[in-house]
Amino acid sequence: MGKGSWRWPAFAGTIGVLAAVAGAQAAGDAIVKERQEAMKAMAAAAKAAAGMFEGTRPYSGTALKEAAETVRVHSGAAMKAQFPEDALGPPSAAKADIATDREAFDRIADRLEELATALSAAADAAPNVLSDEMRMSNQPMLGGSLLGARMKKADEDPADLPAEHVFHLVLDTCTSCHSKYRQKQE
Ligand code: HEC
């Protein structure tokens, strides 16, 4: 024991506190980075799918499925787990409201999974060609007065909808969550 060793317990205590803070921050940073990467992967997938529906990118069931699966694996339970209460607010763009609105937030994440699952199944069913049946324009009712009722019902079962419509609902779901729970970037 040298001179000054009497200070050790206090010093050790300080190190312990600093290590705990650094640890919590590192864990928080890691999950923020992880979810931002997941969001970026979904954005790239959405862009690829949009290209296929718009005809600026060749269609393949495999490519559409890959895009749908990228969204599916990052939504639902995986997404919900990436927004723990202690990793909300600045410097991330995730609003602190997520903690207080947990149920509503989780419902959107689950809805995204449901839609991505339906899109993935539609891609399986159409390996080579983006058929007319997969198009929104092929729904006579969409132009008619039953639109409201149809959309509402459709919202509950995406498996009955043309793939393109499901894809639009996917994009709506991204936007509806962002408008509530993502801080606008200046
Ligand atoms: C349930 C809510 C929710 C859903 C659904 C959702 N997002 Fe997000 N998204 C967020 C939140 C919150 C952030 C901010 C995350 C952060 O900064 O930590 C975000 C951030 C992003 C970002 C920015 C990532 C970065 O680099 O900082 C992109 C891109 C993005 N989302 C794309 C999408 C796409 C595409 C979809 C749909 C396929 C989607 N999101 C669905 C909540 C959601």
| request: For Thr117, tell me the accessible area in Å² from a 1.4 Å probe, rounded to the nearest 10. | output: 60 Å²
| query | Where the centre of each part is set by its Cα atoms, how far does the range 164-186 sit from the range 47-122, in angstrom? | reply | 9 Å
| remark: Quick tally, 1.4 Å probe accessible area for Glu85, Glu34, Glu114, sorted with the most first, runs Glu85, Glu34, Glu114
| message | Solvent-accessible area of Phe167, probe 1.4 Å, all protein chains present, reported in Å² to the nearest ten, please. | response | 10 Å²
| Once the whole set of protein chains is in place, how much accessible area is left on Asp110, using a 1.4 Å probe, in Å² to the nearest 10? | 60 Å²
| said: Given points 7 Å out from each Cα along the Cα-Cβ axis, report the Leu171 to Asp29 separation in nanometres with one decimal. | reply: 3.6 nm
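The values are calculated or read from the model by the stated rules, or taken from the named source; none is laboratory data. Please read all numbers here as calculations on a predicted model, not as lab measurements. We place every Cβ from the backbone using ideal geometry, glycine too, and count neighbours over all the protein chains shown. Accessible surface areas use protein heavy atoms only, side chains included; no ligands, DNA or RNA. Shrake-Rupley method; radii C 1.70, N 1.55, O 1.52, S 1.80 Å.
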